[in-house]
1. Would you list, by chain and number, the lysines whose Cα falls below 17 Å from the Cα of Lys646, excluding same-chain residues fewer than 8 positions away?
2. With every protein chain in place, what's the accessible area of Glu36 (1.4 Å probe, Å², nearest 10)?
3. For Lys500, give me every one of the aspartates and glutamates with a C-alpha distance below 18 angstrom, ignoring sequence neighbours fewer than eight places off in its own chain.
4. When Lys and Arg each count +1 and Asp and Glu each count -1, what net charge do the other residues less than 11 Å away from Leu379, Cβ to Cβ, add up to?
5. What are the radius of gyration and Dmax of the stretch 185-241, computed over its Cα atoms and given in Å?
6. Please get the size of the charge dipole for the chain, origin at its Cα centre, with Cβ charges of +1 on Lys and Arg and -1 on Asp and Glu, quoted in debye to the nearest 20.
7. In the calculated pair distance distribution of the stretch 105-166, what percentage of Cα-Cα distances lie above 18 Å?
8. Provide the per-residue ³J(HN,Hα) series for the stretch 31-48, in order, calculated from phi with Karplus coefficients 6.51, -1.76, 1.60 and θ = phi - 60°, each as a whole number of Hz, with x at glycine and proline positions.
Amino acid sequence: MSEQLNGIFPAVCPLDCPDQCSLLLHKTAGKIVKIEGDPSHPVTQGAICNKVRNMKERLYDDNRLRFPLKRVGPKGKDSRFERITWDEAIATITDRWKDLIAKNGPESILPYSFYGNMGRIGTEGMDRRFFNRMGASRLLYSICESAGTEGYTYTMGGSFGTDPEDTVHAKLIIMWGINAVSTNMHQVMLAEKARKNGAQIIVIDAHKNQTGRWADWFIPILPGTDAALALGLMHILFSENWVDDAFLKQFTVGHEELREHVRQYEPTVVAAITGVPVEDIYRLARLYGQTSPSFIRIGNGIQHHDNGGMCVRTIACLPALTGQWLHRGGGAIKGNGAYLEHNVSALQRPDLREKSTRQINMNLLGSALLELDPPIHALYVYNSNPALVAPHANKVRAGLERDDLFTVVHDLFLTETAKYADIVLPATSSFENTDFYRSYWHQYIQIQLPVIAPYEESKANVDVFRLLAKGMGYEDQALLETDEALIRQALDHPGNPALKDITYEGLLKTQYAKAQIKPLFPGQLRTPSGKVELYSTTMARKGFPALPTYVPLFDEGDLPFLFIPAPNHNFLNSTFANNEKHVRMEGKPKLHMNVKDAETLGLASGDWARVWNDRGECELVVHAGTDVLPGVVVSQGLWADSKDGKALVNALTPDRVADMGSGATFFSGRVHVEKRQNE
């Protein structure tokens, strides 16, 4: 921790957001009193969102956990806890684990985490080492971007896209399936600079959210039909000869096969599938085919469908058809994380596992807790809140209620999940930790050193796992190494020359550093052919269509509405959802629906609606209008239940997995809607 009680200190936003802002923390009398953006950062340039600007309230919230707790009441919302010491907590946990390992083996223990804090040594460092050494069941981290990442990789060889800083040169920007105003604000800032230089901005989405309202042209689309629209555009691009034949011949494989394949996606067919009028499909194709540079920002939303991987794979083909990769600012971004790939093996140490262990998909947590054989007997949760954020939430909570499930939660607050725990441990905030961060959108790595002392008795993830290792009797050097050593090992990556000049010492001096990245073209991609794979033999070998293909969503029966539980502006999943200020800014949990559907059901804006299917139900306030197409309903944000109603939207979401990457299908569930009976 900085010993200075007063001053301004550099920091990094820890949230799971592509922008990963550089911050300045103002400290008075040892406490953070103001958070602002660092204007020197080349991408974030001092602009930050409301979530981060108000984060100091989260740091000193009266509800923040101060010391370890032991449950003395029932599991769930009526749980009660009493204070215990850290020694008692560690002894209780490790004694129980030792007993379970002796009786049922280490795979009876499951860690569950995600990126509630994006610091790399805290999310995938000492924790992974510890559970690898134990031989616990492994978690498949597939709840967020795995489907789209796999789909994009089939086309482009990995998470490699346009440098965001270059997108100011684009003349056409398409935001496809991303509410960038709320989730990627600096891409919006860059787009605004491009717009001042004549660029047109188009948004394609199922909901006319803040980004849709900001666009020059908003195109509403039926959820899960994005691949069909992209294929319809390809049909027109080929038929009107708006393709770059030279690029296709030199840098792609399968362009002739694709040319024939997309003949079937005539605009009239695509319009019937997508809800996008024929004339709009032609207009969009004309703009894309005749404008350079053209840039597509591919969002996370479209990959949360049953066909999400194929949707992203298909859209990723478009820049190759018109040769946009050769134009500065052209191309696409799904994610850029592969450019900054650190030495994962050195950080996580999979070699500590004595044998292969089973892997459990985090999207199937409910099934894992209730149905898996051999069973899970212990759960350790950190950096996540699965009782609120995981799909099929009622099933997850039924699993958490098991009397024979020993659950530990390490968090800053008594979350919905923590209320089911046997032991609750207080966590530090990122500003109390040492860690390094790498964006999955821009190309900068940043370091965080402690700015304030740990809050009360809270401890960082890495410190807790060192204590747990000692309690388990593990003496491996890998479990004793310092934070600095972990960071050095992660940055030492001979396999990624882009990081060769980024060192621990250098980051201490400059706070952030840009990776040395070469343009994708001309060059070799990491696909089997080294080119953009419009036709993928790898996909064919795995049983997928080799060419981009529209695949309809899973048929959930005759439920009338497709339900999209999208993010809102002031929460980040469940982070900030328990903060009164952020809740006030959002108002009440809403259900956006088309006015024609609302009138048919006898609903009007302001009414409470019951939304349900065979997985569960929730209650939301109707917002009727034209922001969504008929047959679609959209909520925004992950709300905790309140006295006003049941707001657990993930009670409605399916836990089946997507077509690729074992990804989540949050946006492919269907529901009934009716007026709440006690209105």
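1. Lys77, Lys395, Lys588, Lys590, Lys675
2. Accessible area, nearest 10 Å²: 60 Å².
3. Glu341, Glu484, Asp492
4. For residues surrounding Leu379, the net value is 0.
5. Just the Cα atoms of the stretch 185-241 yield Rg and Dmax of 13.6, 36 Å.
6. Charge dipole of the chain: 720 debye, to the nearest 20.
7. 55
8. In residue order, the calculated couplings are 10, 6, 10, 7, 10, 9, x, 8, x, 7, 5, x, 9, 7, 6, x, 8, 9 Hz.
The values are calculated or read from the model by the stated rules, or taken from the named source; none is laboratory data. Since the structure is predicted, the reported quantities are computational estimates derived from the model, not experimental observations. In this analysis, Cβ positions are derived from the backbone assuming ideal geometry, glycine residues included, and neighbour counts consider all displayed protein chains. Ligands, DNA and RNA are excluded from the accessible area calculation, which covers all protein heavy atoms including side chains. Shrake-Rupley method; radii C 1.70, N 1.55, O 1.52, S 1.80 Å.
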